[in-house]
Amino acid sequence: MELTVIGAGPAYTDRRGAASSSYLVRSGDAALLLDLGQGAFANLAATLEPSGLTAVIVSHLHPDHFVDLVPLRHYLTWEFKPARRVRVVGPRCLGDRLDALNGQPNFAAVALDVEALVEGRQRVGPFEVEARLVAHTSESYAFRVTGSPELTRSRATSNGPMPGLVYSGDCGKAEDLLPLIHPGDTLLSEASFGAGPVAPGAQHITSGEAARIATTGHAARLLLTHVLSGYSRDAALASARAGFSGPVQLVTEGDRFEI
Ligand SMILES: [Zn+2]
């Protein structure tokens, strides 16, 4: 299973060329996209044929996590006759939000098969996706993704656990991620306010909190992302490295990782 960072940006940034949240997980020919925030469609289309996506899963309904479903919808509609379709799984009302953006009923449904996300484990193509509600908005999810057993087993120890990718989405309480983290997993965590402090009223975790939960969950690796401009990336890394003894990286667009 391979992770490609399509967008590592936050709600706003001054980092040139940055796109907001979007992470591509591939296993064999299957491609699962986690979130599709502003500016991410271009990076996605430069990486693979978007109509070939197995599915897009949306963590929550903040625009920096889903708004580039609009260019995906336009692309599928106007590049192909008939329009191609992509499965999209997300919080309730995602389809309504997209329709409202364009002031047009059934705007999304022209090319997107939008389904409601629920907590628990589900099969998405060859992937197993476990979704868990986390503190952030009234309906925000974090995910654990594992690849097809056949492909993933080949990389695991003979009878050891299959490594997974845990993606925090946006998360206001680090402990909410713990049930998803299995020993040996990669934790891809937001750290919107870097090393902190988190702005009053904002539901996010710091890089230090991400590190603490990675340690508690015996993660193998910590990947930090979603850091706002104005918050030191070096301080975010230093704080995480102080709290987690495994490899830590602050990811950027185009980074690839074997999970
Ligand atoms: Zn958010």
Taking the conditions exactly as written (at negative phi and either without any contact (Cβ under 8 Å) to a residue 24 or more places away in the chain or assigned to a helix (DSSP H, G or I) (or both)), does Ala238 satisfy them or not?
yes
Are any of the residues in the stretch 112-120 surrounded by 21 or more Cβ atoms within 10 Å (Cβ to Cβ), over 17 Å from the mean Cα position of the chain (by Cα) and away from the ligand (no atom under 16 Å from the Cβ)?
yes
Does any residue in the stretch 168-180 that is at negative phi come within less than 6 Å, Cβ to Cβ, of a residue that is more than 10 Å from the ligand (Cβ to nearest atom) and acidic (Asp, Glu) six or more places away or on a different chain, and which pairs are these?
Ala174/Glu209
Please count how many residues of the stretch 55-98 are among the small types (Gly, Ala, Ser) and either under 20 Å from Pro10 (Cα atoms) or part of a helix (DSSP H, G or I) (or both).
3
Looking at the stretch 150-166 only, could you name the residues that are out of contact with any helix residue (DSSP H, G or I) (no Cβ under 9 Å at 6 or more places or on another chain) and modelled with pLDDT of 95 or more?
Leu165
Got a number for residues in the stretch 29-41 being under 19 Å from Arg144 (Cβ atoms) and either without any contact (Cβ under 8 Å) to a residue 12 or more places away in the chain or out of contact with any Ser or Thr (no Cβ under 6 Å at 6 or more places or on another chain) (or both)?
2
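Please enumerate the residues belonging to the stretch 158-184 that are outside any loop (DSSP other than H, G, I, E, B) and small (Gly, Ala, Ser). Lay out the reasoning, then the answer.
Of the residues in the stretch 158-184, the ones outside any loop (DSSP other than H, G, I, E, B) are 165-167, 174-180.
The one that is outside any loop (DSSP other than H, G, I, E, B) and small (Gly, Ala, Ser): Ala174.
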If a residue has to be away from the ligand (no atom under 16 Å from the Cβ) and either surrounded by fewer than 19 Cβ atoms within 10 Å (Cβ to Cβ) or aromatic (Phe, Trp, Tyr) (or both) to count, how many in the stretch 2-19 make the cut?
5
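Each row is one residue, and each column tells you yes or no for (1) out of contact with any Phe, Trp or Tyr (no Cβ under 8 Å at 6 or more places or on another chain); (2) more than 16 Å from the ligand (Cβ to nearest atom); (3) under 23 Å from Leu32 (Cβ atoms).
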site: Phe143; (1), (2), (3): no, no, yes
site: Ser168; (1), (2), (3): yes, no, yes
site: Pro179; (1), (2), (3): yes, yes, yes
site: Gly208; (1), (2), (3): yes, yes, no
site: Leu222; (1), (2), (3): no, yes, yes
site: Ala235; (1), (2), (3): yes, yes, no
site: Ile259; (1), (2), (3): yes, yes, yes
Restricting to the stretch 20-54, what's the tally of residues that are within 14 Å of the ligand (Cβ to nearest atom) and part of a loop (DSSP other than H, G, I, E, B)?
5
Which of (1) basic (Lys, Arg); (2) in contact with a helix residue (DSSP H, G or I) (Cβ under 6 Å, 6 or more places away or on another chain); (3) under 30 Å from Gly230 (Cα atoms) is the odd one out, the single condition Arg16 does not satisfy?
(2)
The stretch 185-220 - residue that is among the aliphatic types (A, V, I, L, M) and part of a loop (DSSP other than H, G, I, E, B) and, of those, surrounded by the most Cβ atoms within 10 Å (Cβ to Cβ)
Ala191
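The values are calculated or read from the model by the stated rules, or taken from the named source; none is laboratory data. What you see is a predicted model, and the numbers here were worked out from it, not measured in a lab. All Cβ positions, even for glycine, are placed from backbone atoms using ideal geometry, and neighbour counts span all protein chains on display.
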